[in-house]
1. Here is a list: Thr214, Thr189, Thr193. Which entry is under 17 Å from the mean Cα position of the chain (by Cα), among the polar types (S, T, N, Q) and away from the ligand (no atom under 11 Å from the Cβ)?
2. Just to be sure I understand the filter: pairs with C-beta atoms under 6 Å, separated by 6 or more residues or on different chains, first member in segment 102-131 and more than 29 Å from Asp149 (Cβ to Cβ) and modelled with pLDDT of 95 or more, second member among the polar types (S, T, N, Q) and crowded, with 20+ Cβ neighbours inside 10 Å. Which pairs pass?
3. If we scan segment 282-293, do we find a residue that is surrounded by fewer than 15 Cβ atoms within 10 Å (Cβ to Cβ) and over 23 Å from Lys164 (Cα atoms)?
4. Of Thr279, Thr245, which residue is surrounded by 19 or more Cβ atoms within 10 Å (Cβ to Cβ) and either under 17 Å from the mean Cα position of the chain (by Cα) or more than 30 Å from Leu111 (Cβ to Cβ) (or both)?
5. Somewhere in segment 182-191, is a residue crowded, with 24+ Cβ neighbours inside 10 Å, within 30 Å of Ala104 (Cα to Cα), touching a strand residue (DSSP E or B) at 6+ places or on another chain (Cβ under 6 Å) and among the aliphatic types (A, V, I, L, M)?
6. Filter segment 165-212 for residues that are of a type in the set (Asp, Glu) and part of a loop (DSSP other than H, G, I, E, B) and give the result.
7. Can you work out which of the residues in segment 188-240 that are acidic (Asp, Glu) and touching a residue at least 60 places away in the same chain (Cβ under 8 Å) is nearest to Thr145 (Cα to Cα)?
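The values are calculated or read from the model by the stated rules, or taken from the named source; none is laboratory data. Remember, it's a predicted structure, so these values are computed and weren't measured experimentally. Here Cβ is always computed from backbone atoms with ideal geometry, including for glycine, and neighbour counts include all displayed protein chains.
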Amino acid sequence: MFALSGCASVATTVIPNVAAQVPSPGNASVAAAPTAAATQQCADPLASLRPSTNPPPGQMPAGSTMAKIVQRGKLVVGVDQNTFHMGFRDPATGQIQGFDIDMARAVAQALFGDPNAIQLKALTSDQRIPALQNGDVDIVVRTMTITCDRLKQVAFSAVYYDAKQRILVKQNSPIDGPDALGGKKVCATKGSTSLAAVAALPAKPVPVSVSDWTDCLVMLQQGQVDAISTDDVILAGMTAQDQYTKIVGAPLADEPYGMAMPLANQDFVRFVNGVLQNTEASGAWTASYQRWLGGLLPGAAPAPPTPQYRD
Ligand code: GLU
């Protein structure tokens, strides 16, 4: 004979309060404090290698990085597919496009005489350096800031776009700048300079890290974070996608973008700098700027940055 203990006849069902919990994007977490490496200094980080006089498409010097890429038949580029107007997947065509993609296609054009001789690999901010170091991509063209820390791990072209880090909030938010972020949750992607800058703010916000910039926008919309902080050009894409957001406050940092390549491929860095020079001289840079970014950032000058070289 078995005896049932307790009130076995009373069925109690606990219904979890799921409605009150909005799921967070995968990998969302409160970020660790920035390491010292994030703020390292070095001499002339923006000075790249002087451009080479580039050979005609398809006639790359034997043994060069460019010849190897041409032999393979396509340029493999690490890009973003989440940043509206810079590198995003157009839902109508399924194609990844934007200002960064135009810059990458200019390199393919110079190598092959064909801007479509290209394979685009979508990368998160955090995947950029490993993708170059593992040889998964030939070049990264993905809103990537040239920093002293990164220059130890990858090589950069001359600056092709000058961004500035700022703050995005909902239209009705009282947050008006970096000083108002004390104790507030601020979203940025893992592996970005933006996250390190947020974590270093004297006001002491709570940095929240995610994989992709669209994850930050969703968290802001769901009320899971109070602000997003990253480059003005990325935030401007978000304001175009969500009219209930606004960019506030003075810039937190300069974010000069370079195309990143493996450290060893110095010949390719010179080649890419030659491509950039031609792109800027031909008006192609300005045409792409006007197409994607013109009007998006009021007051921004549609002029290519002046390149700096160290040899
Ligand atoms: N420009 C910054 C960086 O390179 C933020 C942009 C991004 O991560 O996509 O880290």
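1. Just one listed residue meets the conditions, Thr214.
2. Partner pairs satisfying both residue conditions: Pro115/Gln109.
3. For segment 282-293, residues surrounded by fewer than 15 Cβ atoms within 10 Å (Cβ to Cβ) and over 23 Å from Lys164 (Cα atoms): present.
4. Just a single option satisfies the conditions, and that option is Thr245.
5. Within segment 182-191, one or more residues are crowded, with 24+ Cβ neighbours inside 10 Å, within 30 Å of Ala104 (Cα to Cα), touching a strand residue (DSSP E or B) at 6+ places or on another chain (Cβ under 6 Å) and among the aliphatic types (A, V, I, L, M).
6. Listed by number, the residues that qualify are Asp176, Asp212.
7. Ranking the candidates gives Asp231 first.
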